[in-house]
Amino acid sequence: MDLPRIFTIRESGHRIHDPFTAAKFAALGEALRLPAGSRVLDLASGSGEMLCTWAHDLGFTGTGVDISTLFTEQARARAVELGVADQVTFVHGDAAGYVMDEPVDVAACVGATWIGDGVAGTVELLSRSLRPGGIVLIGEPYWRRMPANQATAEACHATSVADFSPLHGLIEQFGALGYDVVEMVLANQDDWDRYTAAQWLTMRRWLDQNPDDELATEVRAELTSEPARYTRYLREYLGWGVFALMKR
Ligand code: SAH
């Protein structure tokens, strides 16, 4: 059980595996206006940057669950580095179906709603770990511009236009699920660049050091085509944000 290696090659230099910067995660944490000691569950916690920095800056405690061995190790190391290893726990495992024994104040899935088979299922999964009056956090893409056709959607790494909604559609979907959207922090195109463009240098250096690796041909092809494709399509069409929800 692990994340395919192509992801860890591309993102080995990343602390945040989403189009969010450290500043955006800090803004989101502060925006929740919760006291020190608040408990957070983070499903698909990646390298743990959100939980570790919130523990350090805001005094939160938390549990992260992620399927990547490498990212989970990095999360544990980051907790030690920031001096918060007694406040956060990182579990290596499948987050699909993961429910806390003790309800939490904040239940998050930032950039991995496939674990609940989409937005609705992930909100439902998170709600099973949440105390009454707690906050659900969902990190999810949306269309900044609607793709005119299937090819454009695929160029944005979507399977079809229907994968995502425009921003107002996503907000309406949360409402239809019975939740108030009580906060949101959105990524801008510069944030997307920190996530995506930063992968290109990582890939180039990896290629220089691993020319005979079985994935070298795939990584080479991607590095050759991705910068132009990204700037033409994904950077223009796809937005991303984290939405804070409370049940009505
Ligand atoms: N929330 C993190 C990571 C987002 S990237 C951040 O913002 O940095 C998506 C993450 O989902 C990766 O870390 C990947 O390992 C994890 N993942 C994918 N499928 C998963 C599953 N079924 N269970 C747990 N984690 C999963």
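The values are calculated or read from the model by the stated rules, or taken from the named source; none is laboratory data. Remember, it's a predicted structure, so these values are computed and weren't measured experimentally. No Cβ is skipped: glycine too gets one built from the backbone with ideal geometry, and neighbour counts run over all protein chains shown.
Computed values, structure above
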quantity: Sole exception among (1) part of a loop (DSSP other than H, G, I, E, B); (2) farther than 16 Å from ALA244 by Cβ; (3) within 13 Å of the ligand (Cβ to nearest atom) for PHE20, by number; calculated: (2)
quantity: When residues of segment 29-60 are limited to those that are within 13 Å of the chain's Cα centre (by Cα) and at negative phi, the one surrounded by the fewest Cβ atoms within 10 Å (Cβ to Cβ); calculated: GLU49
quantity: Of residues in segment 130-169 being of a type in the set (A, V, I, L, M) and more than 22 Å from ASP180 (Cα to Cα), the one nearest to the chain's Cα centre (by Cα); calculated: ALA158
quantity: Residues within segment 69-88 that are touching a strand residue (DSSP E or B) at 6+ places or on another chain (Cβ under 8 Å) and near the ligand (Cβ under 10 Å from one of its atoms), tallied; calculated: 3
quantity: Cross-chain or 6+ apart pairs with Cβ under 7 Å, segment 1-15 first and hydrophobic (A, V, I, L, M, F, W, C), then assigned to a loop (DSSP other than H, G, I, E, B) and more than 9 Å from the ligand (Cβ to nearest atom); calculated: ILE6/LEU215; ILE9/LEU215
quantity: Count of residues meeting criterion [under 20 Å from GLY133 (Cα atoms) and either crowded, with 24+ Cβ neighbours inside 10 Å or basic (Lys, Arg) (or both)] in segment 61-75; calculated: 1
quantity: Members of segment 89-116 found to be within 11 Å of the ligand (Cβ to nearest atom) and assigned to a loop (DSSP other than H, G, I, E, B), listed by number; calculated: GLY93, ASP94, ALA95, ALA96, GLY97, TYR98, GLY111, ALA112
quantity: Residue that is modelled with the highest pLDDT [pool: residues in segment 145-162 that are under 28 Å from ALA22 (Cβ atoms) and surrounded by fewer than 16 Cβ atoms within 10 Å (Cβ to Cβ)]; calculated: ARG145
quantity: Sole residue being under 14 Å from VAL40 (Cβ atoms), of a type in the set (A, V, I, L, M) and in contact (Cβ under 8 Å) with a residue 60 or more places away in the chain, chosen from VAL110, VAL123, VAL84, VAL88; calculated: VAL110
quantity: Any hit, segment 72-81, residues being closer than 25 Å to TYR230 by Cβ and in contact with a Leu (Cβ under 8 Å, 6 or more places away or on another chain); calculated: no
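For (1) surrounded by 18 or more Cβ atoms within 10 Å (Cβ to Cβ); (2) in a helix (DSSP H, G or I), each residue gets a yes or a no:
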{"residue": "GLY169", "(1), (2)": "no, yes"}
{"residue": "GLU172", "(1), (2)": "no, yes"}
{"residue": "GLY175", "(1), (2)": "no, yes"}
{"residue": "TRP192", "(1), (2)": "yes, yes"}
{"residue": "MET203", "(1), (2)": "yes, yes"}
{"residue": "TRP206", "(1), (2)": "yes, yes"}
{"residue": "VAL219", "(1), (2)": "yes, yes"}
{"residue": "TYR230", "(1), (2)": "yes, yes"}
{"residue": "LEU245", "(1), (2)": "yes, no"}
